[in-house]
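First up is the structure itself, then whatever we jot down about it.
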Amino acid sequence: APDVVIRGPQGGRGQFVVQCDFDRFTADDPIVYPDQPGASHLHQFFGAVDVTATSSYDDLLTADTTCLQRADTASYWAPALLDADGVPIEPLGSLAYYRAGVGVDPESVVAFPADMTMVAGDHTAIEPQPLSVVAWSCGVGSLREVTPHDCSNTDSLRMLVTFPDCWDGVHAHGSDPTRPSDHVAYSSGGECPATHPVHIPQLQFAVAYAPIDPAGLALSSGSILSGHADLWNAWDQAKLEREV
């Protein structure tokens, strides 16, 4: 996990942010269950539209996108949030924050390779995950909690998932669907481990919902503690490299 909980603005340090509207709910996961439609728990998708378990990288590149940054045809997805009756709650939208990892020299950061996929968080978790990986907040407030809390005095409830920021420099994907992120790792002390020596942007993905009574909320992956998110990089690669 990151050394500290990431919160608040970067100040003078570089970052860029992409706002993406909600696309749809579907029980697909092109990373963990490729070519297996309906095999996953319910996910909420953002970015490239109409992504399915059988989508290809080229499909995403040519897709429309829900993102305000039209060059971002990446796909972002996370488990659906369910109310106390088990009904999916439609999100207000999402924000993808791209920044250097904690203590990392921004000039050492390179763009994700084309077609990179990765997952952050543990979909099987029944115990609290580190707040530096998965957390809940109210609006843009700095308070982080392991479960949703009462956000009635703010504009939104948000789930935040922070992705690894170190890459092995070789593989765009994990070794197999059961290890979808073994090609990436988290930095520590501003340095990447020798096994994953390349600094990539640290993506923090936030899904926003209208304030709701937190009692009885669950995620479609199981426990409310099982927060996670997936990224499939299908940006216009030249644009992504310029942004980074």
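The values are calculated or read from the model by the stated rules, or taken from the named source; none is laboratory data. Remember, it's a predicted structure, so these values are computed and weren't measured experimentally. All Cβ positions, glycine included, derive from the backbone under ideal geometry; neighbour counts span all protein chains shown. The accessibility values were calculated without ligands, DNA or RNA, using every heavy atom of the protein model including side chains. Shrake-Rupley method; radii C 1.70, N 1.55, O 1.52, S 1.80 Å.
May I ask you to derive the relative contact order of segment 112-244, considering only C-alpha pairs under 8 Å and at least 6 residues apart, and to give it as an integer percent?
Working: 273 pairs, mean separation 47.6, N = 133.
It rounds to 36 percent for segment 112-244.
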Query - Residue of 124, 26, 66 that the Gaussian network model of the chain assigns the largest fluctuation, springs spanning Cα pairs under 10 Å - result: 124
Query - Size of charge dipole - the chain - debye, nearest 20, with Cβ of Lys, Arg +1 and Asp, Glu -1, no other charges - result: 560
Report summary line: So the pair-distance distribution of the chain, from every Cα-Cα distance in 5 Å bins, comes to percents of 1, 7, 14, 20, 21, 18, 12, 5, 1, 0
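Give, as a single signed number, the net charge of other residues whose beta carbon lies under 9 Å from the beta carbon of residue 103, with Lys and Arg counted +1 and Asp and Glu -1. Each step should come with its number before you reach the end.
Values: positive: none; negative: 3, 105, 191.
Once all neighbours under 9 Å are counted, the net charge is -3.
Please sort 159-169, 142-152, 182-192, 225-235 by packing, taking for each peptide the average over its residues of neighbouring beta carbons within 10 angstrom, highest first. Spell out each step's value before the answer.
Details: 159-169: 22.5, 142-152: 14.2, 182-192: 18.4, 225-235: 24.1.
Output ranking for 159-169, 142-152, 182-192, 225-235: 225-235, 159-169, 182-192, 142-152.
Any idea what the relative contact order of the chain is, in percent, if you count C-alpha pairs under 8 Å spaced at least 6 apart? Mind dumping the intermediate values first?
Working: 635 pairs, mean separation 65.9, N = 244.
In percent, rounded to a whole number, it is 27.
Cα-Cα pairs above 26 Å in segment 115-244: how many percent? Write out the running numbers ahead of the final one.
Numbers: 2432 of 8385 pairs.
Within segment 115-244, distances greater than 26 Å cover 29 percent of Cα pairs.
Hey, any idea what % of the chain's accessible area is carbon plus sulfur with a 1.4 Å probe? Walk me through the numbers on the way to the answer.
Values: 5270 of 10150 Å².
Whole-percent figure for carbon plus sulfur exposure: 52.
What relative contact order, as a whole-number percentage, does segment 30-120 give when Cα pairs under 8 Å and 6 or more residues apart are counted?
Values: 90 pairs, mean separation 22.4, N = 91.
Contact order relative to length: 25 percent.
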Query - Label-point separation, residue 150 to residue 110 (7 Å along Cα→Cβ), nm - result: 5.1
